[in-house]
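Inspection log for the structure reproduced underneath, given as C-alpha cells.
The values are calculated or read from the model by the stated rules, or taken from the named source; none is laboratory data. Remember, it's a predicted structure, so these values are computed and weren't measured experimentally. FYI the Cβ positions are ideal-geometry reconstructions off the backbone, even for glycines, and counts take in every protein chain you see. Ligands, DNA and RNA are stripped out before the accessible areas are found, and what is left, the full protein with its side chains, is counted by its heavy atoms. Shrake-Rupley method; radii C 1.70, N 1.55, O 1.52, S 1.80 Å.
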Amino acid sequence: MGEAQFGVRHIIGAPVATSRLAEQAIVCIPPRSAKFTLAEWRMSNEQRCRNTEDQQQLADRVLGESERIREETAERAAIMKATSDRRIEERIGDIEFNKKELQLQRKEICLELEALGVYKTRLQDCLASLQTNALNICRKCLMLRDGRIGIDLVVDEVEHALQQEITTILGGQSLLKRALEQLNEQMRRLRSTRYLLDRDLQYKQAAIDLDKGSLTLKPTDLCLSVYEGYTNLDPANISADEYNAYSAKNIQSAAREVTSARPIRVFIDTLLKQVIDDLWGAYNKCNHEFKERIEDTKRTKAKLEDMHRETTQKIADMQNNILELQKALSAKEGNVGLAHTRLGRRAQRVGAELVKDPPGQALYYECEMLRHSTEQLQQMLHEANAALRYLLQTQIQLEEDINVKMNTLKIDEVDCMTLRTTMDYHAY
C-alpha cells in the first residue's frame, strides 16, 4: 500500500508504518542528557504524537484485518462444512444406490435359490422313487420269475424287457445324479455370491450409518475431538474408481450367477421329461411283453388241458379195451380147451381108425387158429397195457406241464403284473 493511503510521513527517528504487523519495527532513541532544548522538547512531543497516531492506525488495521480474517475463515469453514455435508450426502446417495442394486441382486439370488431348492427336491424325489419303487419292483419281478419251474424257466422276451427296463432306470438315475451334482454346485456358488453380497451390504450399511452420524454432528457438540497423532488422519487406501469397480464387480458377478442358474432349471425340466418318457417307454414295452407271454402261456395251458382231457378219455377207452381183450382171452380158453380135448379123444383111436380124416384136420386147424388168435389177443393186450402205461405217463406229464404253466401264470399275471401296477413315473 502507498504511504498516502495511510497518511504516514517519513520522519527521522519515527517508525515506518507498513501494512503488515510482522513488518513493523519500532526505533527507540537512546536516552540523552537531562537537559534538552525547547526545540527538542517540541520535536519529542510531536514525535510521540505521531508514533501514537501510527500505533493507533496500525491497531486499526490489525483490528480490521482480524475482523476480515475472522469473517473469511468463518465463511470458509461454513463453505467447507457445507461442501463436506453435500459430498457426504452425495456419497450416502451413491452408497444407497449401490446398496439398492445389491439388494435387488440379493433378492434375485434368494428367489433363484428357492426355485433351485424346489428343483433339487424334485430330483431327489424322482431318484428316491426310481430306487425304492421302480428299480426294486423290476428286480423283484426278475427274482419272482426265477421261481418258474421246468421248461418255463426260459430266457424269454419278458426277461430281456425287464433287463432293458432296469438298464433304462439305472441310466436315468445316472443322469439325474449328475444333474443333481450340477445343481448343488450352482446353489453353492449362489450361496457364496449371496455371502459376498451380504458382507458388502453390511459394510455399506456401516458406512451409511457412519456418514449419517457425521452429518448430525455440529461444531458445538461436546463429543468432538482433535486428532493429535503423527500418522495420516485419512487411512483410506482405496480410490473411488477401485470402489466403483468393486461394487460393479459384485453386482455383475451376482447377475452372472443368476443368469447361469436359470438354464439349469430348463435343463432339469427337459431332462426329467426325457427320463420319464424313456421310463414309460420301457415300462409299456415290458408290460406288452408280459401280456404277450401271458397270452401265449394261457394258449399253451388251454391246449395242454384239452390234450389232458383227450388223454384221460383215451385212458378210459384203453382200460375198457383191456377189459374186453381179457374177456376175449377168457372166452378163447374154453374154445382152446374144447378143441384140445377133442383132439386128445380122437388120438385114443386104435388100429386103422387112427387116420387123418377131415374132422381131425378141422380140429387141428381149429387149434392152430385158436392159438394164433390167442397170441394175437395176448399181443394186443400187451400193446394195450403198454399204451395204457404211456397214456398214464403222458397224463402225468401233461398234469405237470399244466401245473408248470399255472405256476408261470401266477408269477407273471398275479405277482409281477400286480407289482407293476404300483409303478408310477411322473416329473414330480
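Of note:
- From Ile411, Ile396, residue being in contact with a Gly (Cβ under 7 Å, 6 or more places away or on another chain) and either surrounded by 13 or more Cβ atoms within 10 Å (Cβ to Cβ) or under 18 Å from His308 (Cα atoms) (or both): Ile411
- If you check Ser84, Ser44, Ser66 for being at pLDDT below 90, in a helix (DSSP H, G or I), closer than 30 Å to Leu217 by Cβ and of a type in the set (S, T, N, Q), only one passes: Ser84.
- The set of residues from region 346-392 being under 30 Å from Asn321 (Cβ atoms), at pLDDT below 85 and among the aromatic types (Phe, Trp, Tyr) comprises just one member, Tyr365.
For every residue, the table says whether it meets (1) at pLDDT 75 or above; (2) assigned to a loop (DSSP other than H, G, I, E, B); (3) open to solvent by 100 Å² or more (accessible area, probe 1.4 Å); (4) not hydroxyl-bearing (Ser, Thr, Tyr).
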site: Leu222; (1), (2), (3), (4): yes, yes, yes, yes
site: Asn232; (1), (2), (3), (4): no, yes, yes, yes
site: Pro235; (1), (2), (3), (4): no, yes, yes, yes
site: Ser247; (1), (2), (3), (4): yes, no, no, no
site: Asn250; (1), (2), (3), (4): yes, no, no, yes
site: Glu257; (1), (2), (3), (4): yes, no, no, yes
site: Ser260; (1), (2), (3), (4): yes, no, no, no
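- Within region 386-428, tally of residues that are charged (D, E, K, R) and without any contact (Cβ under 8 Å) to a residue 60 or more places away in the chain: 2
- Annotation: of all residues in region 114-137 being among the polar types (S, T, N, Q) and at pLDDT below 90, the one that is nearest to Gln173 (Cα to Cα) is Gln131.
- Filter result for Lys273 (more than 30 Å from Ile149 (Cα to Cα), at pLDDT 90 or above and open to solvent by 60 Å² or more (accessible area, probe 1.4 Å)): yes
- Boolean, Met143 is open to solvent by 70 Å² or more (accessible area, probe 1.4 Å), of a type in the set (A, V, I, L, M, F, W, C) and in a helix (DSSP H, G or I): yes
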